[in-house]
1. How high is the relative contact order of the chain, in percent, with contacts defined as C-alpha pairs under 8 Å that are six or more residues apart?
2. Most exposed first by the Cβ proxy, i.e. fewest other Cβ within 10 Å, how do ILE50, ILE120 rank?
3. Which of PRO138, PRO163, PRO126 moves the most in a Gaussian network model of the chain with Cα springs under 10 Å?
4. For the stretch 1-124, what does the convex hull of the Cα positions come to per residue, in cubic angstrom?
5. Could you list, in their original order, any pairs among LYS40/LYS86; LYS106/LYS150; LYS40/LYS67; LYS16/LYS69; LYS67/LYS102 whose Cα atoms are separated by more than 26 Å?
6. Suppose we keep just the alpha-carbon trace of the stretch 73-155; what are its Rg and Dmax in angstrom?
7. Could you work out how far apart the two model spin labels at ARG38 and GLU92 are, taking each label as a point 7 Å from the Cα in the direction of the beta carbon, and quote it in nm?
8. Rounded to the nearest 500 deg cm²/dmol, what is the calculated helix-only ellipticity per residue at 222 nm for the chain, with -39500 (n - 2.57) per DSSP H run of length n ≥ 4?
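Quick note: the coordinates plus some simple rules give every number you see, no bench work behind them. Keep in mind the model is a prediction, meaning the values are calculated, not measured. Neighbour counts run over all protein chains shown; Cβ positions are idealised from the backbone, glycine included.
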Amino acid sequence: MASTSDFRNGMIINFKNELYEIVKFQHVKPGKGGAFVRTKLKNVMKGSVIENTFRAGEKVDEIRLEKHKMEYLYFDGTNYVLMNPKTYEQIEVSSELLGDKKLFFKENMSLAVLKKGDEIISIELPTTVNLKVDECEPAIKGNTVTGATKNAVLETGLKIQVPMFISQNDVVKVDTRSEEYLERV
């Protein structure tokens, strides 16, 4: 058990029978009444973010997760196969557990796997990924100066907005947190 005075960014807690990561917290001591801690919590499994207020000194269950470096190998049709680069042990992860994160998977990519005992809780992607543009509309001369964007489909099936000067077969850097185009590589 941990109290609100032990809160720190990145801490995992059991809240309403689900695992949440503390993204941000603020201890508030109003002039009148008791102190409280305002938090922003991210659901580890679903990725949704909620805000909650705890009374100062309130007890919560702290969950310890192990982080393992893994490498994505391939998709076997139903599961994604990951390998520990040190022991060469391979594990399979279901599509349901990954959700939209699978749209960033590229062969031989390094990932972090969060485990609670032997159970895989979540996958952490690198901050940015370089992906090739498979489909996009052609740029029309004169449209490249403005900040206009167009739709593009990347090699993994991810659909994003890219600037007009990007063409098919270009490699672009994408932010995995916001699914936004960052730059051409």
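1. On the way: 383 pairs, mean separation 25.2, N = 185.
Once normalised by length, the contact order is 14 percent.
2. Values: ILE50 14, ILE120 19.
Lowest count first: ILE50, ILE120.
3. Comparing PRO138, PRO163, PRO126 in the GNM, the peak value goes to PRO138.
4. Values: hull volume 13.8 nm³, N = 124.
In the stretch 1-124, the Cα convex hull volume per residue is 111 Å³.
5. Working: LYS40/LYS86 36 Å; LYS106/LYS150 23 Å; LYS40/LYS67 22 Å; LYS16/LYS69 29 Å; LYS67/LYS102 19 Å.
Check vs 26 Å cut-off fails for LYS40/LYS86; LYS16/LYS69.
6. For the stretch 73-155, the Cα radius of gyration and maximum Cα-Cα distance read 17.3, 57 Å.
7. About 4.8 nm, to one decimal.
8. Values: 1 runs with 4 residues, N = 185.
-500 deg cm²/dmol, from helical runs alone.
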